[in-house]
1. Roughly how tilted is helix 45-55, in degrees to the nearest 10 and between 0 and 90, from the longest Cα axis of the chain?
2. With each label point set 7 Å from Cα along the Cα-Cβ vector, what nm distance links A5 and L66?
3. Label points 7 Å out from Cα along the Cβ direction at A164 and V142: separation in nm?
4. To the nearest µm²/s, what D does Stokes-Einstein give for region 53-100 at 10 °C and 1.306 mPa s, using the Kirkwood radius over alpha carbon pairs as Rh?
5. Once Rh is set to the Kirkwood radius over Cα pairs, what Stokes-Einstein translational diffusion coefficient, in µm²/s, holds for region 50-196 at a temperature of 20 °C and a viscosity of 1.002 mPa s?
6. In the chain, how does Rg compare with the Kirkwood Rh, expressed as the Rg/Rh ratio over alpha carbon atoms?
7. Return the distance in nm (one decimal) between the two label points of a simple spin-label model at L111 and M133, each offset 7 Å from Cα along Cα→Cβ.
8. Provide W119, W146 ordered by accessible surface of protein heavy atoms (probe 1.4 Å), highest first.
Amino acid sequence: MFRYALTRFVSLALSLVVASLLIFFMLEIVPGDPAAYMLGLNASPETVAALRTELGLDAGPVVRYLGWVSGMLTGDFGTSYTYRTPVAEMILDRIQVSLPLALLALALSTLIALPVGIWAASRRGSLADAGVMGATQLGVAVPNFWFAMLLVLVFAVQLRWFSAGGFPGWDAGLLAGLKALTLPAIALALPQASILARVMRSALLDTLGEDFIRTARAKGLTRGQALRRHAVRNALIPVLTIIGLQFSFLLAGAIIIENVFFLPGLGRLVFQAISQRDLVVVESVVMLLVFAVILVTFLVDLAYAAVDPRLRRPH
């Protein structure tokens, strides 16, 4: 297990190095000068050059890349060109919204999907199974931003149970914060629950065809007992992978939902930074999200290997 974990850790480190190179140099070739953008069209070349020097943009790309990476390793993500505040503080402030939103959406998705997938697999070929498959297909097809607007129309505008957007901050209380994140979390969770339910059903049906399930049935267990006692646990192996990938997506891919609900999260921060040509913010936030995705994938691989010992064997 240690050798497997070490191999995966080396792969993680290499992935981070490659990702940092791609992120930095791809943003370097994006048209537009942040200094010129900040000063406007009427700024003189001398003023733009002075601001470029102040921001450190006149240094070579290799020097700037090494400075950016070394800063991140020590927790210094640089200073925002637009707001003139440390990027680390901006990220810390925004992640207090994005991380709880991703966790809440993942919890809702898992709590809905696993029972639904198990229930559909236990009734394979029935009308109930067909209904679940149709509903999950619809859930995958419906864009989450359209569903988000529908939730706002029904629960915020018509019923007035929730606010249409905004975030009061955790200082207003845990209940107020969770209430503000409920509709966005539901909008994010619906497509993910549909995918996860289909994966759970498929994995469970595959497991029910294995020899050990037939042996359990031959010993006198009913189909339902064999499913609950043996099949579900073994079917969870591929489901773990999907859950890990979903968390990464929910953390990094909530930019549209955050803009629909005017949530001050990481996704909205990136959107604003791109429109303002605040490259140091874009680079740092995207790198942080890539790190989160790779780290979650690494942890899922370890959990996968812990559940399935065959993965730990040297090839």
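1. Relative to the chain, helix 45-55 is tipped by roughly 50 degrees.
2. Modelled inter-label distance: 3.4 nm.
3. 2.1 nm
4. Details: Rh = 11.9 Å.
Using the Kirkwood radius from Cα pairs, D works out to 133 µm²/s.
5. Values: Rh = 18.9 Å.
This corresponds to a translational diffusion coefficient of 113 µm²/s.
6. On the way: Rg = 23.9 Å, Rh = 22.5 Å.
That ratio is 1.06, to two decimals.
7. If labels sit at L111 and M133, their model points lie 2.9 nm apart.
8. Values: W119 110, W146 130 Å².
Ranked list, largest accessible area first: W146, W119.
The values are calculated or read from the model by the stated rules, or taken from the named source; none is laboratory data. This structure is a prediction, so every number in the text was calculated from the model and none was measured. Neighbour counts are summed over all protein chains in view; Cβ atoms, including those assigned to glycine, are modelled from backbone coordinates with ideal geometry. Keep in mind that these areas ignore ligands, DNA and RNA; they rest on the heavy atoms of the full protein, side chains included. Shrake-Rupley method; radii C 1.70, N 1.55, O 1.52, S 1.80 Å.
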